[in-house]
Amino acid sequence: MNTKHPTKRNYSSLEKFALHLHPKMIDERAVAFNRTFGLGGICALLFVILALTGIILRFSYIPTVEQAYDSIVNLNSHTIFGGFIRNLHHLSANFLVIVSFLHLLRVYYSQAIFKERAENWIYGLVMMFLVLASSFTGYLLPWDQLAYWAITIFTQIFEYIPLFGHSLANFIRSGETLNSNTLLNFYNLHTGVLPLLFVFFVSLHFWLVRKAGGVALPEQKETQKVPVIPNLVVKEIMVALLLIAALFFASAFYSAPLLEQANPNLSPNPSKAPWYFLGAQELLLHVHPAFSAVILPVYLLLFFIAVPYLNYKNLNIGVWFNSPEGKKLVIHSAIFSFLFTFGLIYLLDHFLHFDVWLSSSPSWISIGVIPFLLYTIPVGSFLFYGFERYRVRNTEVIMATITVIIVSYLTMLLISLLLRGEGMLLLF
């Protein structure tokens, strides 16, 4: 093993802080930008931006039904740089959802979730939940029509859960409908509880990454180590500066949405959930609530938790897609999932009316079991075909399965976001 020792010198305070996050020496392969794309650091920076802008917004925002909307209007119209700060907060929040999701994908597809890193995968899922929960609770705070009805629609999804769904929805809303208690609870969660939890889990996450030896890399006999300062830290600073500049530039021209004040008696058409939950809303249009609100979410959650602990035959930790054949299978799985999901939704909307054809059958069969089989049988057949064609092991098949699930959800999200008009009908 060849190792270059840095010359001894005194580190500045900033450098000492950086060395809390990184070791002094690092494998030169970990310095390459396309190894991680800086996604973890970008998430941390976005959280800092959100915390700082959120603190500023707290000076103007009033968390009451009577004054919340007017305080936002006053912030935009009469507070110096108020609109800019709100735009920056809004963009950073949405960007954090996207980057956190991409970070999870990067970690999984680079096979960095196994053995000593398995625990960190679980914490990563927890942090993804916290990001979504934070965005969800912040979504309501403007108390305009967009916020009010988006949260109303999403909380109504919980009501489809058998036995305790209605009680759970009422607990989240603090009543039968959104009210002043809902707003205050969401405000306290958004500005107090969730940020503290996020800081805790981020700290734990960084510590576990450092404990595991940093970024997961493929095994290699001969490795070259280089000083983390300046080889890695300078790149991180450059990425941070570029991100801040891009967000500031966008915030100067972009206006965070604000419709008229919330009116519980006037529902917009269509009424849609927050954009990152639109896939769930789309699924609910086609599949029985018992499947879409309970069985599938619980099964998928347990599956994603179990992923690092399954019995794999050919793990290549640190290798993107585990093998060249795995990469081909993932790409083909993504294409298949997009086309198949899009086509099936189109058929279910226009031609396949099982609820009418089988009106005498229980609804859990006509719009539950049958649509579920219409999806799982072709998907299962495709995965078996990929297994045979590429001669892969179960590692690549599980990866292809996860790809199909993720792309299916993204396809439903895009359809609901872009192609659903009045009455949630397809535009074509």
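Laboratory data are not the source of any read-out in this text; all were calculated from the coordinates shown. As the structure is a prediction and not an experimental result, all values here were calculated from the model. FYI the Cβ positions are ideal-geometry reconstructions off the backbone, even for glycines, and counts take in every protein chain you see.
So, counting K/R as plus one and D/E as minus one, what does the shell of residues with Cβ under 12 Å around LEU242 add up to? All intermediate terms of the calculation are to be shown ahead of the outcome.
Details: positive: LYS235; negative: GLU236.
Result for the neighbourhood of LEU242: 0.
Assign unit charges at the C-beta atoms only (+1 for Lys and Arg, -1 for Asp and Glu), then state the dipole size of the chain relative to its Cα centre in Debye, rounded to the nearest 20. Can you show the working numbers first?
Values: 26 positive and 21 negative charges, 395 e Å.
Approximately 1900 debye in magnitude.
Just so you know, the Cα atoms of segment 17-268 work out to an Rg and Dmax of 20.9, 69 Å. Charged neighbours of GLN261, selected by a Cβ distance under 13 Å, balance to -4 (K, R count +1; D, E count -1).
So how do 172-180, 141-149 stack up, highest first, on mean other-Cβ count within 10 Å?
Details: 172-180: 15.4, 141-149: 22.6.
Listed from highest to lowest mean packing, they are 141-149, 172-180.
Judged by the mean number of other Cβ atoms found within 10 Å, the most tightly packed of the peptides 108-116, 162-170 leads the ranking 108-116, 162-170. Listing SER71, SER255, SER360 from the residue with the fewest other Cβ atoms within 10 Å to the one with the most, what is the order? By the 10 Å Cβ count, ascending, the order reads SER360, SER255, SER71. Each Lys and Arg Cβ is given +1 and each Asp and Glu Cβ -1; about its Cα centre, segment 17-268 then shows a dipole of about 900 debye.
Around the amide H of ILE26, modelled in the peptide plane, lie the amide H atoms of VAL226, VAL228, all under 5 Å away and 5 or more residues distant in sequence or on another chain. Of interest is the spacing of the C-alpha centroids, which for segment 340-414 and segment 211-235 amounts to 41 Å.
Order these by the 10 Å Cβ neighbour count, fewest first: HIS288, HIS22.
Numbers: HIS288 23, HIS22 19.
Taking fewest neighbouring Cβ atoms as first place, the list is HIS22, HIS288.
Relative contact order for the chain: 23 percent, from Cα pairs under 8 Å spaced at least 6 residues apart, divided by residue count.
Going from the residue with the fewest nearby Cβ atoms within 10 Å to the one with the most, PHE253, PHE338 rank PHE253, PHE338.
Count Lys and Arg as plus one, Asp and Glu as minus one, and take only other residues whose Cβ is under 14 Å from that of ASN311; the net charge is then +3. According to the calculation over all Cα-Cα pairs in the chain, the P(r) per 10 Å bin from zero is 4, 18, 27, 26, 18, 7, 1, 0, 0 %.
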